[in-house]
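A short reminder: the numbers here are calculations on the coordinates, not readings from a lab. This is a predicted model, so every value here is computed, not measured. Here Cβ is always computed from backbone atoms with ideal geometry, including for glycine, and neighbour counts include all displayed protein chains.
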Amino acid sequence: MPIYTYDQMRYVLKKLNFELIRKSKHETWQKVLENGVILQVRISHKGKRDIPRGTFYEMLRQAGIDETTFKSVLKD
């Protein structure tokens, strides 16, 4: 599995129309779906540092996307 950074995760969340709603110890990104479901993703401020594998997959789960979608958005 390729290693992704926190900056890359921020880029993908922005492209998927998530909004930064909180910035303290961790950032909270949120998106409200058409059916009213609220997706929230919490990420670290670590920027260019690599995301641990388990943390990466948890963030994908919180965002409601899979790794294939993440990769395709990242390529744009």
Check: Thr55 to Lys25: FRET efficiency via 1/(1 + (r/R0)^6), r the Cβ-Cβ distance, R0 22 Å, to the nearest 0.05?
Finding: 0.90
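Relative contact order for the chain using alpha-carbon pairs under 8 Å, separation at least 6, rounded to a whole percent?
Once divided by the residue count of the chain, the mean separation gives 32 percent.
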Margin query: Report the number of Lys pairs in the chain whose alpha-carbons are under 22 Å apart, with separation of 8 or more residues or on distinct chains.
Written below: 25
Check: Rg and Dmax of segment 19-63, using alpha carbons, in Å: what are they?
Finding: 11.4, 35
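How fast does the chain diffuse by Stokes-Einstein, in µm²/s, taking the Kirkwood radius from C-alpha pairs at 4 °C and 1.567 mPa s? It would help to have the intermediate numbers written out before the result.
Working: Rh = 12.5 Å.
Diffusion coefficient, whole number: 103 µm²/s.
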